[in-house]
Amino acid sequence: MIAAVANDDYLAFLRCKTQAAPSGGFEPLWVPDWLFDFQGQDLVPWCIRKGRSALLADCGLGKTPMELVWSQNVVMHTNRHVLIATPLAVADQFVREGVKFNLPVYHSRDGKYPDAPCIVVTNYERLHYFDPSKFGGGVADEASVLKAFDGHRRKQITRFFCKLPFRLLATATPSPNDYIELGTLSECLGIMTQSDMLNYFFRETKDMRHTVFKEGDFWNQTKWSFKPHSETAFWRWVVSWARGLRKPSDLGFDDGRFVLPPLNYRQHVVDVAFVPDGELFHRPAISLHEQQIERRRTVAQRCNEVARLITSHNRPAIAWCHYNEEGDALAAMIPGAVQVAGKDSLEDKEQRLTDFAMGRVRVLVTKPRIGCWGLNLQHCGDMTFFPTHSFEQFYQGVRRCWRFGRTGPVNVDIVSSLGESGVVAGLTYKQQKAERMFASLVKHMNQASAMHSVDDHRLDVQLPAWLAAANATNL
């Protein structure tokens, strides 16, 4: 005979079967009035109460002040230090923001910091100098940068944060076209491992029409797609530990001052035909191998076009490149240009990126994987780009300049050869896919916000008729 259970017990049983992340934070101790309404009334208090969460706010929406307020609350609650890990040259940016808002922020490059509990900031590359047991909480700024590191460094960062009681991961977009990477954020927060997430919500597939692609070399890796009826459940799980928005109105607030100036995309095609060996007529490069050959074959022509564009004015400009020979050529061809290359020391990289951010250098030449993360470069309104398949690098590079605080238009000159038309078309497709992904996140986030239970999941479940009858019989 089936034992009768109370309605509350049955709901509790169902609630424990959900994948919703529990709340493990505390009530906010300090929410300053200088935060914007959507920051101080919604995002920051929610992240503090959650304890371990992800803040997926688009570029220019003030992640830095929100991270500082969250960190200060953890310092006050735990009476321990909080560590903020950032990409290169962004640590000094946090220090400047701390001065602006009268918050003490200490930049440590060697693992040393004051004894009194405070906010400590460092670069990801220097995280090995710090002991996680000494901190009450941590913030991973631009958390999507984790995949830019090699496997050893990424594992080191994840293990460091997994030992912290309170955690905040902040990024503009976890990866515009990669749902699966959300599992990396979840694993770092200690909510669910990436492999468990895949088993819960996804299945391996060879159907290319409904595939979730991973950024990078997508030709030689496992493809995943949502299980039937799992997409809604997946997004409800995501919004149980993450909040995301691209503009304040996504949360019901007025966009007001966050309406950005015009963004102008201008495409420049270098007239160098691509004719593969053994063929008579030119055509677009199709395979990755052909595209790589085409890029290396046209380095001189493409760099000449970039140099012409940047030297045609005297405004600050960024020249994004991908190959060392591109960076070396541009630095030599553009008067006064400063290059930040992978071979440079951490100190040199930081100094040159900071010099450009502070306006001491007019033209910056660097790769997106080095300089497109976290920097506020609103003073610059001109950039050139050599397109690749990484939409995230392109998106992040553009948003270094096109963000809150920019007063004039931003011009993005995309320079490619005739053979790279397929790459440019791929970027357009990925942008459309990114829009759909974030629309799903915002939609389900708003639904979750309307729920009134502690873990953001209200179970409007009635006791089944057969169980209600059994319960009444036994009363």
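When segment 15-50 is filtered for residues that are at pLDDT below 60 and surrounded by 12 or more Cβ atoms within 10 Å (Cβ to Cβ), the ones remaining, listed by number, are R15, T18, Q19.
Of the residues examined, K430 is one that is more than 24 Å from M333 (Cβ to Cβ) and either in contact with a His (Cβ under 6 Å, 6 or more places away or on another chain) or in a helix (DSSP H, G or I) (or both). Pairs under 9 Å by beta carbon, first residue modelled with pLDDT of 85 or more in segment 163-191, partner in a strand (DSSP E or B) and of a type in the set (S, T, N, Q), six or more apart or different chains? Going by the 9 Å Cβ cut-off, the qualifying pairs are R167/S53; L168/S53; L169/S53; L189/S53. Scoring K343 on the criteria (1) more than 21 Å from E294 (Cα to Cα); (2) surrounded by 22 or more Cβ atoms within 10 Å (Cβ to Cβ); (3) at pLDDT below 95; (4) not aromatic (F, W, Y) leaves a single failure, condition (2).
The number of residues in segment 106-124 being closer than 22 Å to I48 by Cβ and not in a strand (DSSP E or B) comes to 3. Do you know which residues across segment 271-302 are modelled with pLDDT of 85 or more and not in a loop (DSSP other than H, G, I, E, B)? If the condition is that a residue be modelled with pLDDT of 85 or more and not in a loop (DSSP other than H, G, I, E, B), then V299, A300, Q301, R302 are the ones that fit. The conditions of being touching a His at 6+ places or on another chain (Cβ under 7 Å), buried (at least 20 other Cβ atoms within 10 Å of the Cβ) and at pLDDT 85 or above are met by F386. Against the list (1) at positive phi; (2) crowded, with 18+ Cβ neighbours inside 10 Å, the condition F356 fails is (1).
Conditions tested, residue by residue: (1) aliphatic (A, V, I, L, M); (2) free of Cβ contacts under 8 Å to residues at least 24 places away in the same chain.
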| position | (1), (2) |
| --- | --- |
| D33 | no, yes |
| I48 | yes, no |
| S53 | no, no |
| W70 | no, no |
| F94 | no, no |
| E97 | no, no |
| K100 | no, yes |
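Only one of the listed residues (L103, L127) is among the aliphatic types (A, V, I, L, M) and either assigned to a loop (DSSP other than H, G, I, E, B) or over 24 Å from the mean Cα position of the chain (by Cα) (or both). That residue is L103.
Candidates Q378, Q447: the one that is of a type in the set (S, T, N, Q), over 16 Å from the mean Cα position of the chain (by Cα) and at pLDDT 90 or above is Q378.
The values are calculated or read from the model by the stated rules, or taken from the named source; none is laboratory data. Worth saying up front: this structure is predicted, and the values here are computed from it rather than measured. We place every Cβ from the backbone using ideal geometry, glycine too, and count neighbours over all the protein chains shown.
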